[in-house]
1. May I ask you to derive the relative contact order of chain B, considering only C-alpha pairs under 8 Å and at least 6 residues apart, and to give it as an integer percent?
2. For the protein assembly as shown, give the share of DSSP beta bridges that are antiparallel, in percent and rounded to the nearest 5; count only bridges with both residues there.
3. Other chains' Cβ within 10 Å of A:410-423 residues: what's the mean?
4. Residues in the range A:251-287, backbone N under 18 Å from the label point at A:ARG457 (7 Å along the Cα-to-beta-carbon vector): list them, ranges by number please.
5. Amide H to amide H under 5 Å from A:MET212: which residues, 5+ apart in sequence or cross-chain, H placed 1.01 Å off N in plane?
6. Along the principal axes of its C-alpha atoms, what lengths does the range A:404-444 span, in descending order and rounded to whole Å?
7. Using only Cα positions of the range A:414-468, each an equal point scatterer, no hydration layer, compute I(q)/I(0) via Debye at q = 0.17, 0.22, 0.24, 0.31 Å⁻¹ and quote the log10 values to two decimals.
8. From other protein chains only, count the Cβ atoms within 10 Å of every residue's Cβ in B:146-154, then give the mean.
Amino acid sequence: MAEAVDISRETYTEKYGFHDTEQHVFKIRKGLDHSIVDEISRMKGEPEWMRDTRHKALDIFLAKPMPTWGGDVGAINFQDIYYYVKPTDEEAKTWEDVPADMKRTFDRLGIPEAEQKFLSGVGAQYDSEVVYHKIKEDLEKKGVLFLSADHGLKEHEHLFKEYFGKLIPSADNKFAALNTAVWSGGSFIYVPKGVKVDVPLQAYFRINTKDMGQFERTLIIVDEGAYVHYVEGCTAPTYSSDSLHSAVVEIYVKEGGRCRYTTIQNWSNNVYNLVTKRAAAYKNATMEWVDGNLGSKLTMKYPSVYLMEEGAKAEVLSIAFAGKGQHLDAGAKAVHLAPNTTSSVVSKSISQHGGRAGYRGLIKVAKGAVGCKSTVRCDALILDEESRSDTYPYMEIEEDDVSVGHEATVSKIGEEQLFYLMSRGLSEPEASAMIVSGFIEPIVKELPMEYAVEMNRLIQLQMEGSVG
Amino acid sequence: MSQPDLIVKDLQVSVDGKPILKGLSLEVRKGEVHAIMGPNGSGKSTLANALMGHPKYTVDSGQMLLAGEDIGELEADERSRKGLFLAFQYPTAIPGVSVANFLRTSLNARRKEQGEGPIPVKEFRTLMRSHMATLKMDDSFAGRYLNEGFSGGEKKRAEILQMSVLKPQIAVLDETDSGLDIDALRVVSDGVNALRGPDLGIVLITHYQRLLNYIKPDFVHVLVAGRLVRSGGPELALELEEKGYDWLIEPEAANTQA
């Protein structure tokens, strides 16, 4: 652990920022070019169309300029990254078959325990590949697919190909192109018509290797009248050099279906987290993003919903909590393409110790999408003078018969609130943590109890930086 | 007689550089109720806030001792955990934090100080409910966000609820009667009276004698222009009710000008 440097969250290193001795079965050379892409594809034994897709995506990536908005991505050296680190020969179906070190890591992170207590299925990714994957038998019998994306491609190529890259094509943005070129791991989910998966499925993403990039790809298809709640968590060792995480998530929610996608992002403070997440909601379907961002050096992530057909609903609940050295540019996008569609965005951002947290959002109503309703509420809480909060609410409304509301507040923790809580015996950090917990309560109460507890625990952890 | 549990010695306090308390001394023993009465601007709330350690109130000189210990340099939370309580005149809203969650966290902070573990959830619920019943509060109150959208009466009841659960040694009640109608005043007073006893000393700060009909003080002090100008028994309150504060202010004002 000698090279581990704690950037600000003092207990992060101890709880999440540890790492195992490297024990991968294969590690590609550093850098990015067509031969690297070729090798990844070859190792995976992929069909030709996927290899072609990757190569084309790499060309797009190389051609596209770096984004100049959002956060500072200028320091990323794309040639100084390992794009593929394969941890094991194959995915395990029991934890006993996961190599001891990796199993111990997931034990420390509480994954097998959570699986037993309150999950329908778990996928655990370690560096570039999923090392453990399992779904409860009864769901499997109902035809629910929950696989790693690699296995999805192998075992259900037709379905996979039909949806892959359709919602987020490589040309969408530079990092979507990068992901498409070098993607590995992630989840593939299909929920058949009318099947309700009442208990969440969870994927956990863990980076272990120094100087690596993780590029998981997730594809979720919720068929008519079906329901699924997918939860993802992630952590990484605290290293003195930066890591890159750039995922692409595409979700399709068919007529009358509902999908909830919950993220508790807790990367170490040396991870660039540049993620593209998009869902298409069809007739009377509901898509809900619950997006919690506590970690990373820089996050740029704006979960989107394209409301494709009448009656579709989008809900985005976003939390960003930035501490020292962190810039979390979170947000949401709702694109109303059909009449009588609704969207609701609630964003809560918190910044302390010089951190910067913000909301960047777009509400778009296309011509003809009459009777749409959209509400956006962004609240920012700034805990000290050095910290910063930004709100960029964009709107493109091309139709008159719509109802669009936007409300934003910025507040600082008041001396009176602190004094009041302290007069009841809470220390200053405890009092601040309580105010912050209360601030995000409207979102946390939407989470299943176990995740609400986890979220509050992570908030406490984030606040512990205030002690002394 | 034992040493007083709260000793305030020649306390001088200023706010934004302006002197408000100009040498106030007070001794309170557990089991006693001291009423501090005074006109607006006499320094009543300053006394309450300075005792609790509000950072905006600067203690220029003098001493505050709680159970013999000088608390002048302690933060508000440390004073609280040592057994001091302030019922606020204007309690602050804490959005998103339920009354129950807040009460349990506060109680656990105190228990930790005393080397005890956190209170079991069930035990806490029973405790909270019994105190809420005394204060005629509906069970649903526990789930509401602290002071958010509370009526004046609900805020004051919530303050007394906190006091009941935290069991302080010395409680300072800052204008607990303000903004209450007669029914609410009775409920709040009953709540305070239920806590009266040999383990609790109370400093009751009020502008009006009215409250003292419900909470009978053992001692009454009159605060004028930052000093206690008269001390006596309950009869002093009645005298104030009859004569107002003017007869006490005039000689004081004359003193200041001299």
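Only the coordinates and a few stated rules stand behind these numbers; no lab work does. Please read all numbers here as calculations on a predicted model, not as lab measurements. Every residue, glycine as well, gets a Cβ built from its backbone with ideal geometry; the counts of neighbours run over all protein chains shown.
1. Numbers: 461 pairs, mean separation 70.8, N = 258.
Result for chain B is 27 percent.
2. Values: 37 of 181 bridges.
If we restrict to bridges inside the protein assembly as shown, about 20 percent are antiparallel.
3. Values: counts 0, 1, 0, 0, 1, 4, 7, 6, 4, 12, 13, 11, 11, 17.
Per residue, the average neighbour count from other chains is 6.
4. Residues A:263-268 qualify, since their backbone N sits under 18 Å from the label point.
5. A:TYR82, A:LEU244
6. 44, 21, 12
7. Reported log10 I(q)/I(0), two decimals: -0.55, -0.83, -0.92, -1.15.
8. Working: counts 5, 1, 1, 0, 0, 0, 0, 0, 0.
Average per residue, whole number: 1.
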